[in-house]
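Everything below concerns the one structure shown next.
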Amino acid sequence: MRQLLCLGMLIAHQVTLAQTPIQVADSLINVGNYTAALHIYNEQSPTARKYSRLGNIYEALGNHQKAKVNYKKAIRIDTSFLIAAVRYAKLLYKTKNFQESDSVFKQLSHRFPNNPDFYFQRAKALIKQQDTLAYPLLNTVVLLDGNHQEALYELAKYNLSKRRFKATNALALQALKTYPSNPKTVGVLAQSKFMQKQYKEAIAHYQHLIKLNYGSEYVYTNLANAYFNVSEYKYAIENYKKAQEINQHDPMLYYQLGMCYFQQGNYNSAVKYYHFALLLEEKSLKEYYRQLGFSYKKLENYKEAITYLKQAVAEDAFDYRAKYELAVVADNYYKDKTIAITYYESFLKTFKAYPAAAVYYKLAAQRLRHLYKEIHLENKSPSPK
């Protein structure tokens, strides 16, 4: 046994002795011993390979400036050294030198017109510069490689931003044929379906993302929104709460939960979540005030309803729904009907020439006529002897 062990050690030693310094350095790079490899390469004569390897080492060590210097030296010595040129261009992109990166990949794509990745790398750099010339390049990538996942995703995302849903869906489905579990593409397709109000299809795609372990706050919230839009309030609540587990400080999640409970007729829970939303909200509070007002109205707690509807109107004097409901609540709360008359008159005066409020204007005018009659009859009735 000892003889075998000694023999193995001898063979390994001989192999090491047989290796050139470059081979030893390459082996050191492969196991992550960059500093030792650096010392060996620095002792070698100046060749394109030496400087390319030094570029690799410095890039791995995080010294991007020295990496660029060495890649450039390699390219100067051998302009056809493709690996050094590609790594240099990718490092330029990585260090946000997008214009320079595009320039190198442009030269490479001219030299190698059938290489889809060079067009794609150019497109990436142009996207970072907000240059729309990126998208014809992405089309070229897809022509050369119909299954290029990143190019198909970027094109689908771009078309979605332009609301070109047919193109978005086609590109996403093309990508998913060869990579059905690509989370970025599934996400774009889900968003596209949601924006088209095809909520049931959107639900299926968001559920797919969750199965792929991409259940972010954004995904759970959008899934909940889709369920809300098809009146599946139980599942909407379930997913808003999952989003809350990730972010407990988003007032919109509490607001949407309040909306779900309101739609279910659970007004006490609606009030609770609207209050939570109010505590967290820093922007316009109108929606929260009006929903609290509506909820308290349903609970026949007219005093609280008046409080919050007044605040909603203070936030937006042209919120006709809040102002109409305020008049209705005042009508229910105050025994003195002249107070209700004041609210209805104010509503009619504000929204006389406001087409969006036409339905509520008609209702307010009808009720006001009845109140005028009631007051008139009360004033005419004989006082008791």
Quiz item: Any idea which of Y51, Y88 is surrounded by 19 or more Cβ atoms within 10 Å (Cβ to Cβ) and within 25 Å of K128 (Cα to Cα)?
Solution: Y88
Self-check item: I83, sole failed condition from (1) part of a helix (DSSP H, G or I); (2) under 35 Å from the mean Cα position of the chain (by Cα); (3) surrounded by fewer than 16 Cβ atoms within 10 Å (Cβ to Cβ)
Solution: (2)
Exercise. Take E287 and decide whether it is part of a helix (DSSP H, G or I) and among the acidic types (D, E).
Key: yes
Quiz item: Looking only at the stretch 245-267, which residues are crowded, with 20+ Cβ neighbours inside 10 Å and without any contact (Cβ under 8 Å) to a residue 24 or more places away in the chain?
Solution: L257
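Conditions (1) in a helix (DSSP H, G or I); (2) charged (D, E, K, R); (3) under 23 Å from R369 (Cβ atoms), marked per residue:
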| position | (1), (2), (3) |
| --- | --- |
| E300 | no, yes, no |
| K303 | yes, yes, no |
| F318 | no, no, no |
| R321 | yes, yes, yes |
| F347 | yes, no, yes |
Quiz item: Since D131 meets every condition but one in (1) part of a helix (DSSP H, G or I); (2) more than 19 Å from the chain's Cα centre (by Cα); (3) surrounded by 15 or more Cβ atoms within 10 Å (Cβ to Cβ), which condition does it not meet?
Solution: (1)
Quiz item: If K335 passes every condition in (1) touching a helix residue (DSSP H, G or I) at 6+ places or on another chain (Cβ under 8 Å); (2) not in a helix (DSSP H, G or I) but one, which one does it miss?
Solution: (1)
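Could you tell me whether the stretch 126-144 includes any residue that is in contact with a Ser or Thr (Cβ under 6 Å, 6 or more places away or on another chain) and touching a residue at least 12 places away in the same chain (Cβ under 8 Å)?
No, the stretch 126-144 contains no residue that is in contact with a Ser or Thr (Cβ under 6 Å, 6 or more places away or on another chain) and touching a residue at least 12 places away in the same chain (Cβ under 8 Å).
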Quiz item: Is there a residue in the stretch 206-224 that is surrounded by fewer than 20 Cβ atoms within 10 Å (Cβ to Cβ), within 19 Å of P183 (Cβ to Cβ) and among the aliphatic types (A, V, I, L, M)?
Solution: yes
Practice problem: Identify, by number, the condition in (1) surrounded by fewer than 19 Cβ atoms within 10 Å (Cβ to Cβ); (2) part of a helix (DSSP H, G or I); (3) touching a helix residue (DSSP H, G or I) at 6+ places or on another chain (Cβ under 6 Å) that A175 doesn't meet. | Solution: (1)
Quiz prompt | Qualifying residues in the stretch 352-379 (those that are surrounded by 13 or more Cβ atoms within 10 Å (Cβ to Cβ) and under 20 Å from F294 (Cα atoms)) - the one nearest to the chain's Cα centre (by Cα) | solution = A357
Practice problem: Output the number of residues of the stretch 23-38 satisfying the condition of being under 20 Å from K66 (Cα atoms) and surrounded by 12 or more Cβ atoms within 10 Å (Cβ to Cβ). | Solution: 9
Quiz item: Do we have any residue at all in the stretch 111-128 that's at pLDDT 95 or above, within 30 Å of F194 (Cβ to Cβ) and charged (D, E, K, R)?
Solution: yes
Exercise. Taking only the stretch 136-157 into account, find how many residues are of a type outside the set (K, R), in contact with a helix residue (DSSP H, G or I) (Cβ under 6 Å, 6 or more places away or on another chain) and assigned to a helix (DSSP H, G or I).
Key: 13
Quiz item: Does the stretch 322-333 contain any residue that is modelled with pLDDT of 95 or more, surrounded by 16 or more Cβ atoms within 10 Å (Cβ to Cβ) and within 19 Å of S269 (Cα to Cα)?
Solution: no
Exercise. Evaluate the following for A224: is it farther than 30 Å from R164 by Cα, among the hydrophobic types (A, V, I, L, M, F, W, C) and in contact with a Leu (Cβ under 9 Å, 6 or more places away or on another chain)?
Key: no
Practice problem: Inspect all residues belonging to the stretch 245-252 and state whether any of them is outside any helix (DSSP H, G or I), over 22 Å from K166 (Cα atoms) and among the hydrophobic types (A, V, I, L, M, F, W, C). | Solution: no
Quiz prompt | Subset of the stretch 57-71 (residues that are surrounded by fewer than 21 Cβ atoms within 10 Å (Cβ to Cβ) and either part of a helix (DSSP H, G or I) or charged (D, E, K, R) (or both)) | solution = A60, H64, Q65, K66, K68, V69
Quiz prompt | Residues of the stretch 168-201 satisfying the condition of being within 15 Å of the chain's Cα centre (by Cα) and aliphatic (A, V, I, L, M) | solution = V186, V188, L189, A190, M195
Exercise. Could you list all residues from the stretch 225-244 that are buried (at least 19 other Cβ atoms within 10 Å of the Cβ) and among the hydrophobic types (A, V, I, L, M, F, W, C)?
Key: A226, F228, A236, I237, A243
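The values are calculated or read from the model by the stated rules, or taken from the named source; none is laboratory data. Keep in mind the model is a prediction, meaning the values are calculated, not measured. Cβ atoms come from the backbone with ideal geometry, glycine included; neighbour counts cover every protein chain shown.
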